[in-house]
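Remarks on the structure that follows.
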Amino acid sequence: MRSILAAVLAALSLPVAAQYPEKPVTLLAGYPPGGLVDVVSRLVAEGMKPKFPKGLNVVNRPGAAGSVAVAEAARAAPDGYTFVLTPHSALVIAPQLQDLAYKTPDDYDPFINLVAYYPMIAVRAESEYKTIEDLVADAKQNPGKLRVGSPGEGTSSHLNLEEFMRLSGAKMIHVPFQGWGQSSPALLGGHIEALVAQPGELRGAVEGKRMRVLVNFRPERLKTFADVPTAKERGWDVHNGVWYMLMAPKGTPAAVQKHLHDAAKAAIEDPKFAADMANRGIDVDYRPGKQLRADLWREYKLHTEILIRTGMLKR
C-alpha cells in the first residue's frame, strides 16, 4: 500500500511537461478553409496525430493577414495545448504595422519551419494580358487602372507586388482579401484584373484553363510552372519567399516544444508529404527553432526597410 501511495505521489509531482499531452491540442490556422495555410495545416496535423492520442484539432482563425491567429496563440497559456501554423509575414510584417499581442521574434517561441515557396502573378485565361510585359505596359499607360488582389495587406505576397511595382514602374491598385477563397472568385468574376497567389492555389485553376500565370517571384523557375518566367530574369529583382512555421506561446517548456517539434518533423519527413508539397510548387524547408529565430530577426529587419520604402511604416 505504501509503495502504491509513493508511486501516486511521485506521478503527481511530475512537471506538467512530462505528462504532455494529456488532453486534445489545438493547431490554429490563420486563413480560411481551402487556402494554402489551411491545406498545409491539415496535412501536417494529420502527420502529427500519432504523437497526440487525445486528439489534435485544426481551428481556422482568419483575419488581419494571419495575425489574428498568431495573436491568439501568443496570448495562450504556454503549455503546448495551443500553437499556430503561420506564414512568416504575420511575424515580421504585421506586428510592425499593427498593435498586436506580439511585436518581435522574441515574443513567442518558433520551434520548426515546415515549408517555403514563392508567390506568382496570375490573370484570367481570357485576359488580354498574355505576358507580364503586357500587364506592365498597360499599367504604365493607365496608372491606377489595374486592380491586383493579394491574401491581405502586409503579407509577403503584397510586399512582392509593391516591390514589383517599384522596380517595373507599373502603377496598380492593390486589393487585399482574406485569402485565395476570396481573391480567386474576384478574379474569375472580373472584379480585379490580376492576383498574387501561391503555386499550389493556382495549379488547379491553370490546369483547368481558368487562369494563366504571368510571372514567378522566385530566384529560379519552378519545375511545375517551367514555362513561367521569373521576375528576376525579366529584369526586376523581386524574389521574397514565404515560409510556413509552427509557433508556440513564449515560455512553453522545452520538453513540450521538443514533443511538438519531433511530431512535426516526422510529418514533413513523410515522403507522401514531400510529394504533395512538390506537386503544389512548395519546398519542404526544415529549420529548428534556434536557427528559425535568427532567420526571423533577419527578415524582420529587412522588412522594416521595405515597409519604410513603400510608405507603410513611418520612422
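Take the conditions (1) more than 15 Å from R280 (Cα to Cα); (2) crowded, with 22+ Cβ neighbours inside 10 Å; (3) modelled with pLDDT under 95; Q182 misses just one of them, which is (2).
Scanning the stretch 117-145 for residues that are closer than 19 Å to E162 by Cβ, open to solvent by 10 Å² or more (accessible area, probe 1.4 Å) and touching an Asp or Glu at 6+ places or on another chain (Cβ under 9 Å) yields a count of 2.
Kindly indicate which of L43, L9, L28 is at pLDDT below 90 and out of contact with any Gly (no Cβ under 7 Å at 6 or more places or on another chain).
Going through L43, L9, L28 in turn, the sole match is L9.
Checked against the criterion of being at pLDDT 95 or above, more than 23 Å from Y118 (Cβ to Cβ) and open to solvent by less than 10 Å² (accessible area, probe 1.4 Å), the stretch 214-233 has no qualifying residue. Look at the stretch 260-275: where a residue is without any contact (Cβ under 8 Å) to a residue 12 or more places away in the chain and a partner is surrounded by 15 or more Cβ atoms within 10 Å (Cβ to Cβ) and assigned to a helix (DSSP H, G or I), sitting 6+ places away or on another chain with Cβ atoms under 8 Å, you get A274/I268. Within the stretch 271-287, which residues are of a type outside the set (G, A, S) and either modelled with pLDDT under 95 or within 13 Å of V115 (Cβ to Cβ) (or both)? Matches in the stretch 271-287: F273, D276, M277, N279, R280, I282, D283, V284, D285, Y286, R287. Applying the criterion of at least 3 residues that are open to solvent by less than 30 Å² (accessible area, probe 1.4 Å) and of a type in the set (V, I, T) to the helices (runs of 4 or more DSSP H) found wholly in the stretch 23-116 leaves 36-48. Residue-level analysis places P15 outside the set of residues that are modelled with pLDDT under 95, open to solvent by 60 Å² or more (accessible area, probe 1.4 Å) and touching a strand residue (DSSP E or B) at 6+ places or on another chain (Cβ under 6 Å).
A quick yes/no check of all residues on (1) in a strand (DSSP E or B); (2) among the hydroxyl-bearing types (S, T, Y):
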residue: A274; (1), (2): no, no
residue: A278; (1), (2): no, no
residue: D285; (1), (2): yes, no
residue: R293; (1), (2): no, no
residue: T304; (1), (2): no, yes
residue: M312; (1), (2): no, no
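The values are calculated or read from the model by the stated rules, or taken from the named source; none is laboratory data. Predicted model only: the values in this text are computed from it and were never measured. Cβ: placed from backbone, ideal geometry, glycine included. Neighbour counts: every protein chain shown. Heavy atoms of the whole protein, side chains included, go into the accessibility calculation; ligands, DNA and RNA do not. Shrake-Rupley method; radii C 1.70, N 1.55, O 1.52, S 1.80 Å.
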